[in-house]
1. Just to be sure I understand, how many residues within segment 86-113 are surrounded by fewer than 16 Cβ atoms within 10 Å (Cβ to Cβ), touching a helix residue (DSSP H, G or I) at 6+ places or on another chain (Cβ under 9 Å) and not in a loop (DSSP other than H, G, I, E, B)?
2. Can you list residue pairs whose Cβ atoms sit under 6 Å apart, with the first residue in segment 123-151 being in contact (Cβ under 8 Å) with a residue 24 or more places away in the chain and the second being part of a loop (DSSP other than H, G, I, E, B)? Count only pairs 6 or more apart in sequence or on different chains.
3. From the residues in segment 114-150 that are over 20 Å from Ser58 (Cβ atoms) and among the aliphatic types (A, V, I, L, M), which one is surrounded by the fewest Cβ atoms within 10 Å (Cβ to Cβ)?
4. Mind checking which residues of segment 151-178 are surrounded by fewer than 11 Cβ atoms within 10 Å (Cβ to Cβ), of a type outside the set (A, V, I, L, M) and modelled with pLDDT under 90?
5. Given the residues Ser84, Ser75, which is the only one that is closer than 25 Å to Ala40 by Cα and either within 20 Å of the chain's Cα centre (by Cα) or hydrophobic (A, V, I, L, M, F, W, C) (or both)?
Amino acid sequence: MKHLIQLLLIVIALAIPTQITIGTLYSKNEKLKDEKRFVAFVQSSCQELHVDKNLVYSMMYVESKCKVDAVNRDSSCFGLMQLSLPTAQWILHDSTVTAQRLLTDRYLNARAGILYVRYLSKRFQFDIGLVLTAYNRGPGKVTKMLRAGIDPSNGYKDLVNARLQKIRNSKAQRWKAN
């Protein structure tokens, strides 16, 4: 019986989560600080380039479910904003950007995506529907379709707009609660 009680005590001790160490707290604290730095970076980049930050967050969610290391099905688009390597290199004016950097450097990926949204906004006279469709399909394809009298919409703008509406509704809920 004594051995059974000792065994039971060992099993219970193993089932109880270990104490949180100073290293764990530091790690969680650093992650939180990094998240805050990233949010501040996205917000300042959006403000600088006159791009709606909530639109960018919505695009990040639709494109990658906010996963830094996301890769699309055919392995041609990378990171949070799901940029192709040639597009990222072109918009950043940096031919040394690699797919690996787009997957691991969320600051670089976000900056490239925001710059690209700004470029498309100017190119399509700030028509958000066309901007989103061009982001998803490519500006050349959208332009060709428009010239041919074909609606280039493919449902992407609806996905982003639905996510954008969720963000706006959650902000309105928080505002009403205060």
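1. The qualifying residues number 1.
2. From residues that are in contact (Cβ under 8 Å) with a residue 24 or more places away in the chain, the pairs are Thr133/Pro152; Thr133/Ser153.
3. Going through the qualifying residues, I end up with Ala148.
4. If the condition is that a residue be surrounded by fewer than 11 Cβ atoms within 10 Å (Cβ to Cβ), of a type outside the set (A, V, I, L, M) and modelled with pLDDT under 90, then Asn169, Ser170, Gln173, Arg174, Trp175, Lys176, Asn178 are the ones that fit.
5. Going through Ser84, Ser75 in turn, the sole match is Ser84.
The values are calculated or read from the model by the stated rules, or taken from the named source; none is laboratory data. Quick caveat, the model's predicted, so the values are computed rather than measured. Virtual Cβ from ideal backbone geometry, glycine too; neighbours counted across all protein chains shown.
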